1. Select from 129, 42, 26 the residue whose mean-square fluctuation is largest in a Gaussian network model of the chain (Cα-Cα springs shorter than 10 Å).
2. Please compute the length gained on full extension between residue 98 and residue 126, using 0.36 nm multiplied by the number of residues separating them and subtracting their Cα-Cα distance.
3. As a footprinting exposure proxy, order 78, 103 by other Cβ within 10 Å, with the fewest listed first.
4. Taking the chain as a Gaussian network, where each spring joins two C-alpha atoms under 10 Å apart, which residue of 69, 14, 46 fluctuates the most?
5. Need one number for the stretch 29-162: average projected area of the convex hull over its C-alpha atoms, nm².
6. Could you please rank 81, 98, placing first whichever residue has the fewest other Cβ atoms within 10 Å of its Cβ?
7. How long are the three semi-axes of the equivalent ellipsoid for the stretch 67-128, computed from the Cα gyration tensor as the root of 5 times each eigenvalue, in whole Å, largest first?
8. Could you tell me the center-to-center distance, by alpha carbons, between the stretch 43-68 and the stretch 125-163 in angstrom?
């Protein structure tokens, strides 16, 4: 059985018992959470969220990229979100690569160098600050005043705010 088949089986088992509001694409808490795709970041459990309460936007590193801004712009302008949490974490895989080494690897495998930034980083606090500033300074976003950044510790489950 493939992983996709396992997920489909689980969906059939729990599809009708997941609590939360399914009636609207608008998150009832009017909040968007930008975070990493790392499987250890269980956003709904970390924040005690129910279905329908928040938009959860994910990418490698939880960094604010052009595509995150695109999604957040739609979230704010069309679906009513007003607050933004940027949540990155300890022990992130982006700490193990560099821009050049990863681009070199992709170029060697494909014959083409990617035009996009990898957004690798070493200092998670500095990276959270940078991502928060990218949201606060973006002209496409309506609500840039209620933006806060956090680091999630994958070992302890602690969430620490970054000033």
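Nothing in this text is a laboratory measurement; each read-out follows from the coordinates by a stated rule. Given the structure is predicted, the values throughout are model-derived calculations rather than measurements. Counting neighbours? That spans all protein chains shown, and the Cβs are built from the backbone with ideal geometry, glycine included.
1. Result for the chain, Cα springs under 10 Å: 42 fluctuates most.
2. Numbers: separation 28, 0.36 × 28 = 10.08 nm, distance 1.62 nm.
Full extension of this stretch gives 8.5 nm more.
3. 78, 103
4. Among 69, 14, 46, the largest mean-square fluctuation in the Gaussian network model of the chain belongs to 14.
5. Details: hull surface 34.4 nm².
That works out to 8.6 nm².
6. Details: 81 24, 98 13.
So the ranking, lowest neighbour count to highest, is 98, 81.
7. 29, 18, 7
8. Result: 12 Å between the Cα centres.
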